[in-house]
1. Can you find, among B:N247, B:I160, B:L214, the residue sitting farthest towards the positive end of the charge dipole of the protein assembly as shown, where Lys and Arg contribute +1 and Asp and Glu -1 at Cβ?
2. Which percent of Cα pairs goes in each bin when the distances of chain A are cut into 5 angstrom slices starting at zero?
3. Give the span of chain B's Cα atoms along each principal axis, as three whole-Å numbers ordered largest to smallest.
4. Across chain B, where is the longest run that never hits trypsin sites (Lys or Arg not before Pro) in a DSSP loop with at most 16 other C-beta atoms within 10 Å?
5. To the nearest µm²/s, what D does Stokes-Einstein give for the stretch A:1-127 at 25 °C and 0.890 mPa s, using the Kirkwood radius over alpha carbon pairs as Rh?
6. Counting pairs of Cα atoms in the stretch A:72-148, how many percent are more than 22 Å apart?
7. Where a Cα-Cα gap under 17 Å defines reach, which lysines qualify for A:K122, not counting those fewer than 8 residues away within the same chain?
8. Based on the alpha carbon coordinates of the stretch B:134-332, what radius of gyration and maximum Cα-Cα distance (Dmax) apply, in Å?
Amino acid sequence: MIRFKAARKRFADGTVAVDDLTLEIPAGQFCVFLGASGAGKSSVLKLVNGMVQPTSGRVEFDGIEVVPRTYREIRPRIAMVHQQFNLVLRSTILRNVLAGALPGTSTTAAMLSLFPAELQQKACRLLERVGLSEKHLYRRAAHLSGGQQQRVAIARAFILDPTLVLADEPVASLDPEISRGILQLLRDASRESGTTVMCSLHQPDLAREFADRIVGLARGKVIFDGLPDQLDEEMIGRIYAGARAARETAEDDGPVALGALTASEAV
Amino acid sequence: MNNDTTTPKPAAEWQLRSVYSTRLFALLAVGAVLLAISAHRSEVDKGLADSGRAIVAVVRGKPESSRVARGWLRFLSQAFPLVIASYEPIENPEEFNPDTLPAFAYRDTKYPIKDTMGDVVRYVDAVVKPIGYLTYVGGLLVQTIEIAIWGTILSVLISIPLAYFGAAGYTPNKFSYNVARAICNMNRAIPELIAALVFAVAYGQGAWAGILALGVHTSGFLGKFFADDIENAAKGPQEALASTGANKLKVLRYAVLPQVMPQFLAYGQYILERNVRSATVLGIVGAGGIGVELNERWKQFDYGHVSTILLAIFITVFILEQIAQRVRARLIGE
């Protein structure tokens, strides 16, 4: 269970990324945050594991307040999947997955890369689950396609049996067909293990297809919160209208903004 | 889209900048003047003029007329042939026993001894080892390489903590960062030759003083390069691991080290190669190895021996480079 209480994030440059957010996400839900670039999706996600600290308000994870003092307790239970996959490209696939288990490994063992056999077997099972095979184990991550890299990243996310997965634009760098496969995998894997997922997306069609619940964000504010069926064209228009205005005032950040643009025009 | 109050200019009217600005020309002019002043102060003008005169003198077939050409001739005429043999005078010919000669060695009752001008001054009765000097130089070179390897090991050991504390994002605080960076700068700033002299005061002349000098001096480079690389490594993977709660050391080991390893190996290889060259020079201040011999021979104007040593050093550096490249390719593996 994740709880935001009047959480607000204002960056040093004055941008308000998250504005007075009050929200509850029950355990096991696949909750999609929909919005264009700059709407604050990423900040909302990062508030939960403390990668972004709230300027005011409160964020709770399973009843524990997210503050620097509790990071050590919270973070190993929260996994993250990133837009740019963030694998270590020069390391092997297996090593990348095992790196997800570092908080549960002693520093000495980690320095010597001595991972317990059960952990390695679990990594293998997860790689099998995400659709990779034995021949991939000792290949470098750099040799995989984008979709395969994201699959490895999902395996890495699940290795510590997280209670929550934060997926920050997991498919923004992938083409639509592969995007579906990745979201399918993420949803099924979380269903099997009862894991909560907070996933940010900018494509309304993908959100409607995979979400249990959609939270529409514009300029850091929640302007929609409901079931996928309730998200109508007019609401989508409003979510992106706010974003379009924001985009003209704020600096764009390349590929994400471009993706958001195509998505909003597709509507 | 168009909320702008001013109408945008058409592309045809956009201002393009010249590649060569007035400022660039001004800077070049100032640079040229400064270099011209400096050239005189550093005797660049005199050196170039002397070289020109030497070339003219050689071309006209009168090299004796130029001081520079005379100097070159003196060195080159004695540098070749290379001296690769060694000899030991026989003090008591009556007691000489041919059966105790080492392999390939022979007795020469009229072995010529030359002076610094290359003229034979006298003949001695001696045991001659045909490649005796070459093997002697080889032995000294091995000793030099050993000093260089130990210097590099020491350098890496010192630079690892310097790199950790000198990398923003891993160092505990601003103070430790500044201290680590300052140590790097200080180590780099002290020339190894001076460092060797200082260490020789404490430990006495010999290999250990040389090893310390090399290790301390080059750790300034390695520490800085390692730290800079850690700072510049891609942030994404580091964020990914840090977000799971992995501590800094683990993030460094799993997200940074694999990225920077090829660079680290390249630096280590360069430092080793550089240490081999430096170790030869360090011998001149008595820090062991081939430099001691080079210095002695140079002082005695034995240019034939000197050129043997120089050639041996060149071949050694060349071979080391080949080995290092192969090792690196194996370790990085693509």
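1. B:L214
2. 1, 6, 13, 17, 19, 17, 13, 8, 4, 1, 0, 0
3. The Cα atoms of chain B stretch 109, 59, 42 Å along the principal axes, largest first.
4. Result for the longest clean stretch: B:61-334.
5. Once the numbers are plugged in, D ends up at 147 µm²/s.
6. Percent of Cα pairs beyond 22 Å in the stretch A:72-148: 24.
7. A:K135
8. Final numbers for Rg and Dmax: 19.4, 68 Å.
Bear in mind these aren't lab numbers, they're just calculated from the coordinates by the rules spelled out. Please read these numbers as outputs of a predicted model, since none were measured by experiment. With ideal geometry, Cβ positions are generated from the backbone for all residues, glycine too; neighbour counts draw on all protein chains shown.
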